[in-house]
1. May I ask you to compute the full-extension gain from Ser164 to Ala68, defined as 0.36 nm times their residue separation minus their alpha-carbon distance, rounded to one decimal in nm?
2. Can you compute the charge dipole magnitude of the chain about its Cα centre, using +1 on each Lys and Arg Cβ and -1 on each Asp and Glu Cβ, nothing else charged? Give it in debye, rounded to the nearest 20.
3. What would the Debye equation give as log₁₀ I(q)/I(0) for segment 150-209 at q = 0.13, 0.21, 0.29 Å⁻¹, counting only Cα atoms as equal point scatterers?
4. Taking Rh as the Kirkwood radius, which is the inverse of the mean 1/r over Cα pairs, what is the Rg/Rh value for the chain?
5. If the viscosity is 0.890 mPa s and the temperature 25 °C, what Stokes-Einstein diffusion coefficient in µm²/s follows for segment 10-82 when Rh is the Kirkwood radius over Cα pairs?
Amino acid sequence: MFVQFTLDSPLLDRAVSAVPDISLDIEKLDSSPTVPLRVVFWARSESFDEFEDALALDSTVEEYTVLATEHSKRLYSVVVPEHVPCVELYARSVDLHGVVIGASCNSAGWTMEMLFPDRDAFSSFRHACEEADLSVTVGSIHSGQVDRTTADADLTPPQREILSRAVEVGYFDIPRETTLRGLGDEVGVSGQAASERLRRGMETLVRESLTDHLDHEE
């Protein structure tokens with residue numbers, strides 16, 4: 001079941017609020033026995049110095065590292081301290097077999113796209129968010145039985161190629177075995193191009209593999 005929703009998470013709120021034009025595209029979320037939660041994201045802005053000053057003061061950031069710079073965007077890795085609610089919520093989503101397939105953040109807040117096995121799993125995740133005093137506003141839910149195969153999906157050849165390679169090289173594994181940059185190298189494109197192809201391909205698969213019924217929840 002595919003769910004798109006907004007979440008009023010405090011994660012990175014101070015840093016994002018300091019730079020109104022900034023937008024974040026999440027590349028990956030993961031954790032380890034010594035790292036409660038790591039968030040890797042591309043930031044697009046004209047004011048990176050101001051953003052990094054705010055990152056240093058943001059209580060939801062334990063430490064950050066700049067991994068790459070490309071034109072008007074930078075790739076950051078942020079370690080989130082254990083006390084931040086999203087740490088427990090990420091662990092809960094994994095327990096429920098939830099998968100984050102897209103996430104972004106800007107001055108308006110967080111937008112998430114996730115897959116869950118069924119409505120009960122998503123309801124449990126939503127309940128956990130509410131217990132943490134975080135509001136979830138569902139934009140759309142696609143649910144139902146699979147009625148066509150992946151081969152039937154209207155994927156472009158580049159989308160089919162990158163989805164196949166993503167599976168082969170472990171991009172969807174937990175933890176991931178490669179990054180978007182690494183995946184792009186596999187097919188001869190940039191990390192940004194890989195991200196765009198992958199997301200478009202995944203959206204096509206989700207929309208075409210599930211029933212066409214669209215449920216809205218308030």
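1. My answer for the length gained is 32.0 nm.
2. In debye, rounded to 20, the chain gives about 540.
3. Those come out to -0.29, -0.74, -1.22, one per q.
4. Result: Rg/Rh = 0.95.
5. Here the translational diffusion coefficient equals 201 µm²/s.
Throughout, read-outs are computed from the coordinates displayed, never taken from laboratory work. In this text, all values refer to a predicted model and were calculated from it rather than measured experimentally. So basically every Cβ, Gly included, is an ideal-geometry build from the backbone, and we count neighbours across all protein chains shown.
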